[in-house]
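Participant: My questions all concern the structure below.
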Amino acid sequence: MSHMTISGWEQKYVKILREFGYDKKDDIESARKLNVILKKSSTKKLKQLINKKTVFVIGAGPSLLSSIPYLKKYHVTKIVADGATQALIENKIVPEIVVTDFDGNIDALRKAARKGIIIAHAHGNNQDKLHLVSEFANCFGTTESKSFGRIHNFGGFTDGDRSVFLANHFGAKKIILFGMDFGSKIGKYSKAKIIDRKTKLKKLEHGKKLLEWLSTKTKSELYTTSKPIKGFKKIQYKNLSKIVS
């Protein structure tokens, strides 16, 4: 199960490479490097945390802070996109799973890694940061190209949409999004340093399209408390209890 990539992903990946001018060779080289550093490959624990369960996927969009009281209230598996980890740690919420390409606050990642699982993504631009995974007890590697060895491809492009693809891959019953706004505003926790706003917004737009595509393929029930996304049912915080139960 763990090495099966969602059907149709290859075409999406080719489009990403073309649109953003990335080189597939760099991605593969980065994945090989990560494969050498990683110790673990059994995804049993991930399956236990996600399969047939309601999971929260938490992004670093502007609505993240308003969702904190609700994230505290419910004890469900939380899959957190990189930058949002800092906001959760600051509010004493320990995520079960963090999806990262090491763009966010590294200190927050280290804290999350004490109890949680880190899903480290290898791409052409982060080879210099991959050594960090050797610090994490529970860590898995991902790529956007082919799966091999200890490297998986669950689908997805940005940390946010990759978190949703992960939940889908392991058969979550319900996936509820928080702080996944995909709008023209970039959240305070979105990235340690935003060098190129235009590219960041383009990536968010692409991530949103991938989620709309996923919504046509998944068996999971999809909900969002953030900005509307096609294929996801928009819900209000006050109605969460009905869906979580």
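Participant: Restricting the search to region 118-154, which residues are within 22 Å of residue 20 (Cβ to Cβ) and of a type in the set (S, T, N, Q)?
Facilitator: 125, 126, 127, 142, 143, 145, 147, 153
Participant: Identify, from the list 140, 136, the residue that is over 10 Å from residue 31 (Cα atoms), surrounded by 24 or more Cβ atoms within 10 Å (Cβ to Cβ) and out of contact with any Asp or Glu (no Cβ under 8 Å at 6 or more places or on another chain). Reasoning before the result, please.
Facilitator: On the way: 136 fails: surrounded by 24 or more Cβ atoms within 10 Å (Cβ to Cβ).
After ruling out the rest, the residue left standing is 140.
Participant: Okay, next question. So which residues in region 148-164 are of a type in the set (Ser, Thr, Tyr) and within 22 Å of residue 44 (Cα to Cα)? Before you say what the answer is, go through the steps one by one.
Facilitator: Residues of region 148-164 that are of a type in the set (Ser, Thr, Tyr), as a first pass: 158, 163.
Within region 148-164, just 163 meets the criteria.
Participant: Here is a further query. Consider only pairs whose beta carbons are under 9 Å apart and that are at least six residues apart or on different chains; among these, list those whose first residue lies in region 18-45 and is farther than 22 Å from residue 117 by Cα and whose second residue is of a type in the set (Val, Ile, Thr) and part of a loop (DSSP other than H, G, I, E, B).
Facilitator: Sorted first by the residue in region 18-45, then by its partner, the pairs are 27/143; 28/143.
Participant: Let me confirm something: among 172, 137, 167, which residue is within 28 Å of residue 44 (Cα to Cα), assigned to a loop (DSSP other than H, G, I, E, B) and in contact with a strand residue (DSSP E or B) (Cβ under 6 Å, 6 or more places away or on another chain)?
Facilitator: Numbers: 137 fails: in contact with a strand residue (DSSP E or B) (Cβ under 6 Å, 6 or more places away or on another chain); 167 fails: assigned to a loop (DSSP other than H, G, I, E, B).
Unique residue meeting the criteria: 172.
Participant: Is it the case that some residue within region 36-43 is part of a helix (DSSP H, G or I), touching a strand residue (DSSP E or B) at 6+ places or on another chain (Cβ under 7 Å) and of a type in the set (Val, Ile, Thr)? Steps first, please.
Facilitator: Going through region 36-43, the residues part of a helix (DSSP H, G or I) turn out to be 36-37.
After this cut, where a residue has to be touching a strand residue (DSSP E or B) at 6+ places or on another chain (Cβ under 7 Å) as well, the list is none.
No: zero hits.
Participant: Let me ask you something else. Looking only at region 134-148, how many residues end up being within 16 Å of residue 166 (Cβ to Cβ) and either among the hydrophobic types (A, V, I, L, M, F, W, C) or at pLDDT below 90 (or both)? Show your work before the answer.
Facilitator: From region 134-148, those within 16 Å of residue 166 (Cβ to Cβ) are 138-144, 147; that's our starting set.
With the extra rule that they be either among the hydrophobic types (A, V, I, L, M, F, W, C) or at pLDDT below 90 (or both), the set shrinks to 139-140.
The number of residues fulfilling the criteria is 2.
Participant: Looking at (1) in contact with a helix residue (DSSP H, G or I) (Cβ under 7 Å, 6 or more places away or on another chain); (2) surrounded by fewer than 23 Cβ atoms within 10 Å (Cβ to Cβ), can you tell me which one residue 172 breaks?
Facilitator: Of everything listed in (1) in contact with a helix residue (DSSP H, G or I) (Cβ under 7 Å, 6 or more places away or on another chain); (2) surrounded by fewer than 23 Cβ atoms within 10 Å (Cβ to Cβ), residue 172 misses just condition (2).
Participant: Which members of region 157-208 meet the condition of being among the β-branched types (Val, Ile, Thr) and closer than 28 Å to residue 241 by Cβ?
Facilitator: 164, 175, 176 - these are the residues of region 157-208 that are among the β-branched types (Val, Ile, Thr) and closer than 28 Å to residue 241 by Cβ.
Participant: What is the number of the single condition among (1) under 28 Å from residue 183 (Cβ atoms); (2) crowded, with 18+ Cβ neighbours inside 10 Å; (3) at pLDDT below 95; (4) not small (Gly, Ala, Ser) that residue 119 does not meet?
Facilitator: (3)
Participant: I want to confirm something. Restricting to region 209-228 and keeping residues that are of a type outside the set (D, E, K, R) and modelled with pLDDT under 95, which single residue is farthest from residue 69 (Cα to Cα)?
Facilitator: Filtering region 209-228 down to residues of a type outside the set (D, E, K, R) leaves 210-211, 213-216, 218, 220, 222-226, 228.
Then drop every residue that is not modelled with pLDDT under 95, which leaves 226, 228.
Numbers: 226: 15, 228: 21 Å.
Among residues in region 209-228 that are of a type outside the set (D, E, K, R) and modelled with pLDDT under 95, the one farthest from residue 69 (Cα to Cα) is 228.
Participant: Give 219, 208 a once-over and let me know the one that is part of a helix (DSSP H, G or I) and without any contact (Cβ under 8 Å) to a residue 60 or more places away in the chain.
Facilitator: Details: 219 fails: part of a helix (DSSP H, G or I).
None of the others qualify; the one that does is 208.
Participant: Checking residue 32 against (1) modelled with pLDDT under 95; (2) of a type in the set (Lys, Arg); (3) over 19 Å from the mean Cα position of the chain (by Cα): exactly one of these is not met. Which one?
Facilitator: Residue 32 satisfies all of (1) modelled with pLDDT under 95; (2) of a type in the set (Lys, Arg); (3) over 19 Å from the mean Cα position of the chain (by Cα) except (1).
Participant: Mind telling me which of the residues 182, 178, 165, 154 ends up being in contact with a helix residue (DSSP H, G or I) (Cβ under 7 Å, 6 or more places away or on another chain), crowded, with 22+ Cβ neighbours inside 10 Å and farther than 19 Å from residue 83 by Cβ? Even if it seems obvious, please write down each step before you answer.
Facilitator: Working: 182 fails: farther than 19 Å from residue 83 by Cβ; 178 fails: farther than 19 Å from residue 83 by Cβ; 165 fails: farther than 19 Å from residue 83 by Cβ.
Step by step, each of 182, 178, 165, 154 is checked, and only 154 is in contact with a helix residue (DSSP H, G or I) (Cβ under 7 Å, 6 or more places away or on another chain), crowded, with 22+ Cβ neighbours inside 10 Å and farther than 19 Å from residue 83 by Cβ.
The values are calculated or read from the model by the stated rules, or taken from the named source; none is laboratory data. Remember, predicted model here, so these are calculated numbers, not experimental data. Heads up, the Cβs are rebuilt from the backbone with ideal geometry, glycines too, and the neighbour counts pull from every protein chain shown.
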